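Note sheet for the following structure.
The values are calculated or read from the model by the stated rules, or taken from the named source; none is laboratory data. Computed from a predicted model, the values in this text were never measured in an experiment. Every residue, glycine among them, receives a Cβ derived from its backbone with ideal geometry; neighbour counts consider all protein chains shown. Just so you know, the surface numbers come from the protein's heavy atoms only, side chains and all, with ligands and any DNA or RNA stripped out. Shrake-Rupley method; radii C 1.70, N 1.55, O 1.52, S 1.80 Å.
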Amino acid sequence: QVQLVESGGGLVQAGGSLRLSCAASGRTFTNYFMGWFRQAPGLEREFVAARTWSGSTNYADSVKGRFTISRDNTNNTMYLQMNSLKPEDTAVYYCAAGSGYAAYTNRVRYAYWGQGTQVTVSS
């Protein structure tokens with residue numbers, strides 16, 4: 001059974017940084033893509049960033065240059081380094097994974113999801 005567990009969320013002031021982690025277990029994640037999505041109150045869940053097993057990445061325009069996605073394939077762990085945080089980055093952040101070779105932005109491509117971690121950026 002695949003499990004994805006996020007950690008690292010919290011409260012930070014605007015301009016600050018946070019690093020989210022996603023620990024994956026339950027299978028071998030070779031040739032799986034992994035991504036981060038977020039959902040703010042009253043809004044739909046939106047794509048943030050994704051990374052393939054081989055290292056290709058994709059970012060939402062709103063986070064390009066501020067967020068960096070990385071993976072430790074040895075430990076099946078994914079990270080999201082978030083710098084220069086803004087109040088509009090406030091949301092629940094979800095880790096997700098799926099089988100394939102592209103860094104998909106569409107959430108329907110992702111078969112597995114974590115429970116989410118809250119990120120709150122104060123102004």
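For the range 66-80, name all the residues that are open to solvent by 10 Å² or more (accessible area, probe 1.4 Å) and either farther than 14 Å from Thr117 by Cα or modelled with pLDDT under 95 (or both). Hits for the range 66-80 are Arg66, Thr68, Ser70, Arg71, Asp72, Asn73, Thr74, Asn75, Asn76, Thr77. Just give me the residues in the range 83-123 being of a type outside the set (A, V, I, L, M), in contact with a helix residue (DSSP H, G or I) (Cβ under 8 Å, 6 or more places away or on another chain) and in a strand (DSSP E or B), in sequence order. Scanning the range 83-123 gives Gly98, Ser122. Could you tell me whether Phe33 is aromatic (Phe, Trp, Tyr), open to solvent by less than 40 Å² (accessible area, probe 1.4 Å) and in a loop (DSSP other than H, G, I, E, B)? Judged against the criteria, Phe33 is not a match.
Among the residues of the range 37-54, count how many are outside any strand (DSSP E or B) and open to solvent by 30 Å² or more (accessible area, probe 1.4 Å). Count: 7.
Scanning the range 92-108 for residues that are touching a residue at least 24 places away in the same chain (Cβ under 8 Å) and either of a type in the set (D, E, K, R) or out of contact with any Gly (no Cβ under 9 Å at 6 or more places or on another chain) (or both) gives Ser99, Gly100, Tyr101, Ala102, Asn106, Arg107.
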